[in-house]
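Visitor: Questions regarding the structure given below will be posed in turn.
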Amino acid sequence: ISTATDKPKFERNAPLFTRASWLYHEVRSHLIRNWRVWVSCTAAVLVFHTFFKVGVNITDSLPEKVFVVSKFDHNIHRGDYASFVWHGTPHFPKGIEFVKIIRGVPGDLVEFRGRRVYINGEFVSDAKEFSLKGEPLALGPAGVIPPGKFYVNATNKNSLDLRYALTGWIDEKAIIGRAFAVF
């Protein structure tokens, strides 16, 4: 005897509609039994996303690959990781988000001695003459970092950062927030 409350049973050789009906009932039953967990998880994700975002570094520019970016933490200091929106060039479209290390803040002095970069007299990195594609690389901006601008850098010699004119100063308005390495 069958009743209306009986759930369809899964049979390996059953028609597709019967298997889909079984899956629907299993998922629905799970959601009804565990609705508090699902509502809590959804709320947690929405709250997390309001204040934070996950940044992923797909290049070798930094040794870390995953970052949590605090969207409302713009209290950026020298040595911090920061996430910012790229201004757009032929190599990368506008709007891509990068994570780099803040090496210079407003008022710091950036100097090039040959192709070696110094900030406030301290060696930061070397600038290559040519890109990996063989294109010449012009040196980035030098002088005192203006108000509302930052000098960003990464640890890899092939990183696209302020060693090169293509990048330029990073505007404070382009910064999404302070980033924290996860792994």
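The values are calculated or read from the model by the stated rules, or taken from the named source; none is laboratory data. Keep in mind that this is a model prediction, so the values were computed, not measured. Reconstructed Cβ throughout: ideal geometry from the backbone, glycine too, with neighbour counts over all protein chains shown. Side chains included, ligands, DNA and RNA excluded: accessible areas come from the protein's heavy atoms. Shrake-Rupley method; radii C 1.70, N 1.55, O 1.52, S 1.80 Å.
Visitor: For the Cα atoms of the chain, what angle does the longest principal axis make with the long axis of helix 16-33, in degrees from 0 to 90, nearest 10?
Guide: Once rounded, one gets 70 degrees.
Visitor: Another question about this same structure. Explain nothing, just the number: relative contact order of the chain, from Cα pairs under 8 Å at least 6 residues apart, as a whole percent. Write down the numbers at each step before the final one.
Guide: Working: 327 pairs, mean separation 41.1, N = 183.
About 22 percent, as a whole number.
Visitor: So how do 155-166, 73-84 stack up, highest first, on mean other-Cβ count within 10 Å?
Guide: Details: 155-166: 18.4, 73-84: 16.3.
The peptides rank, most packed first, as 155-166, 73-84.
Visitor: Moving to a separate point now. Want the number for Ala138 to Glu26: 0.36 nm per residue separation, take away the alpha-carbon distance, what's left?
Guide: Working: separation 112, 0.36 × 112 = 40.32 nm, distance 6.13 nm.
Computed gain between Ala138 and Glu26 is 34.2 nm.
Visitor: Magnitude of the Cβ-charge dipole of the chain, K/R +1 and D/E -1, about the Cα centre, nearest 20 debye? Don't skip to the answer; put the middle values down first.
Guide: Numbers: 24 positive and 17 negative charges, 114 e Å.
In total the dipole reaches around 540 debye.
Visitor: Continuing with the same structure: Roughly what angle does helix 35-51 make with the longest principal axis of the chain, taking Cα atoms, 0 to 90 degrees, to the nearest 10?
Guide: Roughly 10 degrees between the two axes.
Visitor: At 0.36 nm per residue, minus the direct Cα-Cα distance, what do Asn156 and Ala181 gain on full extension? Give it in nm, one decimal, please.
Guide: 7.4 nm
Visitor: Same structure again: In square nanometres, what is one fourth of the surface area of the convex hull spanned by the alpha carbons of the range 88-183? It would help to have the intermediate numbers written out before the result.
Guide: Numbers: hull surface 26.5 nm².
The Cα convex hull of the range 88-183, projected and averaged over all directions, gives 6.6 nm².
Visitor: Specify the inter-centroid distance of the range 28-78 and the range 144-159, based on alpha-carbon positions, in whole Å.
Guide: Spelled out, the Cα-based centre of one part sits 27 Å from the other.
Visitor: Leaving ligands, DNA and RNA out of it, rank Trp38, Trp86, Trp22 by accessible area with a 1.4 Å probe, largest first.
Guide: Values: Trp38 120, Trp86 5, Trp22 70 Å².
So the residues, ranked largest to smallest area, are Trp38, Trp22, Trp86.
Visitor: Residue-wise, which Karplus ³J(HN,Hα) couplings in Hz belong to the range 144-153, taking 6.51 cos²θ - 1.76 cosθ + 1.60, θ = phi - 60°, and x for glycine or proline?
Guide: Here the 3J(HN,Hα) series is 6, 5, x, x, x, 10, 9, 9, 10, 8 Hz.
Visitor: For the chain, what is the accessible area per residue in Å², given a 1.4 Å probe and the full set of protein chains? Working shown, then result.
Guide: On the way: 11730 Å² over 183 residues.
Solvent-accessible surface per residue comes out at 64 Å².
Visitor: Computed over the Cα atoms, what is the radius of gyration of the chain divided by 2.2 N^0.38 Å, N being its residue count? Display every interim value, and only then the final one.
Guide: Values: Rg = 25.4 Å, N = 183, 2.2 N^0.38 = 15.9 Å.
Output field value: 1.59.
Visitor: Enumerate the amide H contacts of Arg116 below 5 Å, restricted to partners 5 or more residues apart or on another chain; note that Pro and chain-start residues carry no placed amide H.
Guide: Residues meeting the criterion, in which the H sits 1.01 Å from N, are Ala127.
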